[in-house]
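Every number in this text was worked out from the coordinates using simple rules, so none of it is lab data. Note that the structure is a prediction, hence the values are computed from the model and not measured. When we count neighbours, we look across all protein chains shown, and the Cβ atoms used for this are built from the backbone with ideal geometry, even at glycine.
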Amino acid sequence: MSGIESFRGSPLRLGVIAAMIVLALDQASKLWLLFVFDIAHRGAVRVTPFFDLVLAMNPGISFGWFQNDGALAQVILMTIKAVAVIVLAIWMARSRTLLATLALGLIIGGAIGNAIDRLAYGAVVDFALFHLQIGGHRWDWYVFNLADSAIVAGVATLLYDSLVGAPAAKAP
């Protein structure tokens, strides 16, 4: 029996493991960049012609929306995030497809990782910057982290599962 097949009886276990792996990798990458690599003192570090490591402390939500570092705004964002994680966890516990459960685990792990940042640093630690340079023009993507990547992958996987997933898995 393969690893994935062994989770068929309990897809929740795979979702919880996915959340824990995302959380651990996200926090490890941020701790390493902040306290070992010391990205704050190094500034932007070019890794490839299209990718840099930078430090961006994001007090807002995804893609820098709702930038506000006021105490009330932070409490509101944390409350919304906590409710969202609880709702997603209930959804994950009730999920009937392995793919949806895994996707929800990715989203939950990423959300918790970013929430830990908000509690520890007052903002989310973002560090990955993709960019494109053509002639004298440079186009930058949003600065993000592993938690953000997991959230996006989880949402994309949920969409795939709901639109293309196995019809038998969707039966009530």
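Each Lys and Arg contributes +1 and each Asp and Glu -1, all at the Cβ; summed about the Cα centre of segment 10-170, the dipole is approximately 420 debye. Dividing the mean sequence gap of close Cα pairs (under 8 Å, 6+ apart) by how many residues segment 10-170 holds gives a relative contact order of 32 percent. Taking other Cβ atoms within 10 Å as a rough exposure proxy, 137, 131 sort from fewest to most as 137, 131.
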